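Below is one structure; the comments refer to it alone.
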Amino acid sequence: MKKIKDFVCAHFDFGVQKVTWFAIAAAIAVVPSVMFLPEKWGWENGVLENIQMLILFIGLYLSLKVDSNKKFFNFVAMVLVIIILREVNCGRTLFFSVPGTENTFYSWKEIKYGYLAHPIYGAYMAWVGIYFLKNKLFLTLWDIVRKIKFPFWNILLMLSGMALGTYAEHATHNFVFEEIAELLFYVALIGIIYLYTRDDRFKLDACNIQQSDTQNN
């Protein structure tokens, strides 16, 4: 037990950071949202999904506006782009709604050249993976594990949002429940990115994490 306690104390920060309060607020909002928000708020391109997109673009901005470890945070930005594309179904739910219906969209099979969407999306994900390996960013990740404490509450709230979203999608089929859970996940995730890019207690360069010359070439 002492080894477990020592490991936890060495690798996790249990302080409630200012940015964590946004995730706490999102968690508190889950139950009243499910109870009182209209179903339309959980539809594609609805209020909750638009808020999610705003949060994700804030994370994208934070990742691209860094002074050090740029290749690592470029990778983070690329992953956020994957998530953004997933949220809009690679643009299908933005541009291909069925006229005269609500929350209904054409499938890729019904769209001209729609068969190209998934291969292009898959190719982009493969390119992101190659970028990660080519720049040896796994070394940066290992340094983060060794040298930086993880924000416990943000991680717990992020995992809670993931679990609730999965449950809502497969068990309840409640649009609002699913979207508010995803919002919790994204708020907690972007909070972690904020800490690692802006907070001196967590910033990678403040903890002497720098990409090697090989990574920067």
* **Helix runs (DSSP H) in the chain reaching 20 Å along axis by Cα, Kyte-Doolittle at least -1.0** => 47-64, 70-87, 117-134, 152-167, 175-198
* Could you sort Asp67, Asp13 by accessible area so the largest value comes first, with the probe set to 1.4 Å? -> Asp67, Asp13
* Relative contact order computed over the chain (Cα-Cα under 8 Å; 6+ residues apart), in percent -> 35
* **the chain: most fluctuating residue of Ala181, Ala126, Ala27 per GNM, C-alpha cutoff 10 Å** => Ala126
* To do: Please arrange Cys9, Cys90 by accessible surface area, largest first, computed with a 1.4 Å probe and ligands excluded.
  => Cys9, Cys90
* Using only Cα atoms, figure out Rg for the chain and give it as a multiple of 2.2 N^0.38 Å. => 1.14
* Accessible-area composition of the stretch 48-146, carbon plus sulfur, in percent [1.4 Å probe] -> 68
* Structure fact -> Once the dipole of the chain is set up from charges on Cβ (+1 Lys and Arg, -1 Asp and Glu), the residue from the list Ser68, His173, Ile190 lying farthest towards its positive end is Ser68
* To do: For every other residue with a beta carbon closer than 11 angstrom to the beta carbon of Thr166, add +1 if it is Lys or Arg and -1 if Asp or Glu, then tell me the sum.
  => -3
* Amide H contacts under 5 Å for Phe105, placed H, 5+ residues apart -> Val98
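The values are calculated or read from the model by the stated rules, or taken from the named source; none is laboratory data. All of these numbers come straight from a predicted model, not from anything done at the bench. Cβ coordinates were reconstructed from backbone atoms using ideal geometry, including for glycine residues, and neighbour counts include every protein chain displayed. The area values use the complete protein model at the heavy-atom level, side chains included, leaving out ligands, DNA and RNA. Shrake-Rupley method; radii C 1.70, N 1.55, O 1.52, S 1.80 Å.
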